1. Grab the DSSP H runs of the chain that are 4 residues or longer, score each as -39,500 (n - 2.57), total them, divide by all residues and round the 222 nm result to the nearest 500 deg cm²/dmol.
2. If you average over every viewing direction, what projected area does the convex hull of the Cα atoms of the chain give, in nm²?
3. In terms of solvent-accessible area of protein heavy atoms at a 1.4 angstrom probe, what is the ranking of Met116, Met56, highest value first?
4. Return one number: the angle in degrees, 0 to 90 and rounded to the nearest 10, between the long axis of the Cα atoms of helix 64-78 and the longest principal axis of the Cα atoms of the chain.
5. What are the GluC sites (Glu not before Pro) within segment 61-135 that DSSP puts in a loop, where the Cβ has at most 10 other Cβ atoms within 10 Å?
6. Just the number, please: carbon plus sulfur as a percent of the accessible area of the chain, 1.4 Å probe, no ligands or DNA/RNA counted.
7. Give the aspartates and glutamates whose C-alpha is closer than 12 Å to that of Lys48, dropping any in the same chain fewer than 8 places away, or say none.
8. In Å², and per residue, what accessible area does segment 82-135 have when probed at 1.4 Å with the other protein chains present?
Amino acid sequence: MDNHRRKPWYAQPLPRVCAALRTSPEGLCDAEAAERLNQNGPNELRGKPPKSLLHMLREQLLDPMVLILLGAALLSAILREWTEAIVIFTIVVVNAFIGIVQEKKAQSSLEALRRMSTPTARVLRQGEESLIPAR
């Protein structure tokens, strides 16, 4: 069947796992752990940089429904229906403003949640079990 597939870590013998990860059943020493952290960086996902206001505005204005409304405003202006054109354009501007404000609030809420949740990891260092920040 799928005998060519690699076994998961938990299904392999301990000596093979320790050799592959360059460790021992007692765990890493503090110096080796610090060296690996320095070499590989923290254990966390890279976050995307926050969107700029200009990028959010562009996304708001390129929405298909907003483009239809802008087309209707343009058509109203061409037909010299100034009141309708101004009302439609005002609705588009207010909608974009509300969308940007909501997106900024969502970004700040997610960032606050990310800062609040600090998961820990149980590690084995020189034969001693301890809890450290997971990053």
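The values are calculated or read from the model by the stated rules, or taken from the named source; none is laboratory data. Here the structure is a predicted model, which means the values were calculated and not measured. Ideal geometry is used to build each Cβ from the backbone, glycine not excepted, and the neighbour counts take in all protein chains shown. Each accessible area value is taken on the protein alone, full model and side chains, heavy atoms only, with ligands, DNA and RNA left out. Shrake-Rupley method; radii C 1.70, N 1.55, O 1.52, S 1.80 Å.
1. Result for the chain: -19000 deg cm²/dmol, rounded to the nearest 500.
2. For the chain, averaging the hull's shadow over all directions gives 15.1 nm².
3. Highest to lowest solvent-accessible surface, that is Met116, Met56.
4. 20
5. Loop-located and lightly packed - none at all.
6. It is 62 percent, rounded to a whole number.
7. List returned: Glu111.
8. 81
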